[in-house]
Structure formats: C-alpha cells, structure tokens
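The values are calculated or read from the model by the stated rules, or taken from the named source; none is laboratory data. Owing to the predicted nature of the structure, the values given are computational and were not obtained by experimental measurement. With ideal geometry, Cβ positions are generated from the backbone for all residues, glycine too; neighbour counts draw on all protein chains shown.
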Amino acid sequence: MSFNVLIVEDQPLIALNLQDTVEELGHHTVGIASNMYQALLLSTGADIALVDVNLEDGPTGPIIGRTLADTDVSVLFMTSDPGAIRGGVPGALGVIQKPVRDLELVEAIQYVADRRAGNTNIPPPKCFIEFSPPGPSAS
C-alpha cells in the first residue's frame, strides 16, 4: 500500500535523504516543509508526516505534529533531542533519534506505513520510541 508523505525538515540534505527513502519504499512525497507555515500549507492530502522538532522558525514541530494528528495524519517525529518531546504529542505515533541509520529509517517509515494500513499487531523497530496512547480520562 502506498501513502502520501509530508516531510517537515529544515536541513536540505536530510530532507532530500528522507524523500529518497520515502520514494524507494513506494510512497509519494507531497512536499518538503522547513517551517510551520509551509508544513500546514502542504499537509493537504498527506497520510503520513515525518516531522523534525526544531525548524527554521523555532521548536514548532510539536505544534505541527499535534495539528496534523488532529486531521488524521500519522505523525513520526525525528529529532536529535527526543527528550524535547518526552511526554509525547497527542495523536503522534512516536519519535526516532537523529542521526538515524538508513536501515533504521526504512524500518521506522515502514512501521508507520503498516500502522496507517491498519496493522496494529506489530512491534515498533528498536530505534522507535513509541508514545503511549491516551488513556481513559479520570473522573
């Protein structure tokens, strides 16, 4: 199954590497965004988003991720500082730490694609820090 993937990354070489990997896995890149404005503009039609935390307009990645997750986009964060989103982001699947090896990147993207396709009975790859799903609210 093929998905539309939005890449939110402000480092051009990393963004192009992500695009190559996404397309080698048979998915389509809907765009590359380096800030929140571009990300939200390009997000129409995205199924999956790979989102860096710190972008050219500051640490806007968590806001972008939450906004995209609220519109049913499967969000994977990629950052050199996973502690920056230690508590998770509502609706996002998880985070992988940069720099990431090519095989780990492939495994993480494939995991998100499998989850998007409805396969929830698979374990996350070793490089993947999964966010806890929201629990029932306490009354």
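For this structure, a couple of remarks:
- Residues that are surrounded by fewer than 18 Cβ atoms within 10 Å (Cβ to Cβ) and of a type in the set (A, V, I, L, M) within segment 41-80 comprise LEU41, ILE63, listed in sequence order.
- All positions within segment 63-87 that are small (Gly, Ala, Ser) and modelled with pLDDT under 95: SER80, GLY83, ALA84, GLY87
- Set side by side, the residues GLN11, GLN38 differ, and just one is surrounded by fewer than 18 Cβ atoms within 10 Å (Cβ to Cβ) and at pLDDT 95 or above, which is GLN11.
- Subset of segment 1-32 (residues that are under 23 Å from GLY83 (Cα atoms) and without any contact (Cβ under 8 Å) to a residue 60 or more places away in the chain): ILE7, VAL8, ASP10, GLN11, ALA15
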